[in-house]
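Written out below as structure tokens is the structure these notes cover.
The values are calculated or read from the model by the stated rules, or taken from the named source; none is laboratory data. Since this is a predicted model, take the numbers as computed values, not measurements. Positions of Cβ are generated from backbone atoms using ideal geometry, with glycine treated the same way; all protein chains shown enter the neighbour counts. Calculation scope for accessible area: heavy atoms of the full protein, side chains included, ligands and nucleic acids excluded. Shrake-Rupley method; radii C 1.70, N 1.55, O 1.52, S 1.80 Å.
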Amino acid sequence: MAAKVLGAIFLGGAIGSIARFLVILGVDELTLQDLSQELVATSIVNLAGAFLLGFVHVIGASRSDTWKGFFGPGLAGGFTTMSGLALITAGAELGLSSVGYLYWMAVAIQLVLGILTYWLGTQLASRTSQKAAS
Amino acid sequence: MEILISFAAVALLGGAGSVLRHIAGFWSGALPWGILFVNSIASFVVGLAISSGEYEIALVVGLAGGLSTFSTFAAQSYEYLKNEQRFRAIANLVLNLALPALSLLTAVIWL
């Protein structure tokens, strides 16, 4: 595995993580006291990140491994989070909400919407590529 | 000053977590076990951090956030659906919903 690719993943992951941190600060969560704020923050980063990865997978198909590493597992991977979703579902189990089952449902819906937004990213990238070629 | 240190910790640990996740991603079979593994480990780290109350931003936002991924889950599930491997897509969704939550709860109960 080329050190250059790992370096690109590290850099993209660092930038993606800072961007996620900024979203978290904007929503003012990470207190594990308000599951709804956690849900808003994870929805923003996860759906946007899934869309970005779909776009990157199509646009970057013929690009270098360094480019793919930076934008794929780096930027999109570092921006999104699954542990943030676990914080919501586990928080619901720990009794932080009287309607915990709704948070489980919301997280499950977010997982499904993530697949959909990934697909939307691939579709937009395909159309962009076709327009650029014609 | 404190916020700058937090940003630096998030960047360093987020970058390191992303590299580890990429390496773990090569462990794949009927399901993307490597990604499931890092998502669960990252959630365990979150459980430890919030239980101990130490280095929460660095560990939760930096290390665990960089180590775990939602976008790769979405891409892999989409590929399963595209290839008509519906059972794998559903299993991937259910396991990514349950295992990270279980890992986090285990860490909280353990501490």
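Might you let me know whether the stretch A:47-55 holds any residue that is farther than 28 Å from B:Val94 by Cα and either open to solvent by 20 Å² or more (accessible area, probe 1.4 Å) or acidic (Asp, Glu) (or both)? Within the stretch A:47-55, none of the residues are farther than 28 Å from B:Val94 by Cα and either open to solvent by 20 Å² or more (accessible area, probe 1.4 Å) or acidic (Asp, Glu) (or both).
On the given criteria, is A:Thr81 touching a helix residue (DSSP H, G or I) at 6+ places or on another chain (Cβ under 6 Å) and outside any helix (DSSP H, G or I)? The answer is yes for A:Thr81. Please work out if B:Ala101 is within 9 Å of chain A (Cβ to nearest Cβ), open to solvent by less than 40 Å² (accessible area, probe 1.4 Å), assigned to a helix (DSSP H, G or I) and of a type in the set (Gly, Ala, Ser). Spelling it out, B:Ala101 is indeed within 9 Å of chain A (Cβ to nearest Cβ), open to solvent by less than 40 Å² (accessible area, probe 1.4 Å), assigned to a helix (DSSP H, G or I) and of a type in the set (Gly, Ala, Ser).
Once the stretch B:15-30 is narrowed to residues that are part of a helix (DSSP H, G or I) and farther than 13 Å from A:Gly7 by Cα, the residue that is least open to solvent (accessible area, probe 1.4 Å) is B:Arg21.
Restricting attention to the stretch B:41-90, report how many residues are under 17 Å from the mean Cα position of the chain (by Cα) and either hydroxyl-bearing (Ser, Thr, Tyr) or part of a helix (DSSP H, G or I) (or both). Before you say what the answer is, go through the steps one by one.
Kept after step one, since they are under 17 Å from the mean Cα position of the chain (by Cα), are these residues of the stretch B:41-90: B:41-50, B:56-77.
Applying the additional criterion that residues be either hydroxyl-bearing (Ser, Thr, Tyr) or part of a helix (DSSP H, G or I) (or both) yields B:41-50, B:56-69, B:71-77.
Qualifying residue count for the region: 31.
All of A:Ile44, A:Ile115, A:Ile59 fail the test of being over 17 Å from the mean Cα position of the chain (by Cα) and either under 25 Å from A:Gly12 (Cβ atoms) or small (Gly, Ala, Ser) (or both), apart from A:Ile59.
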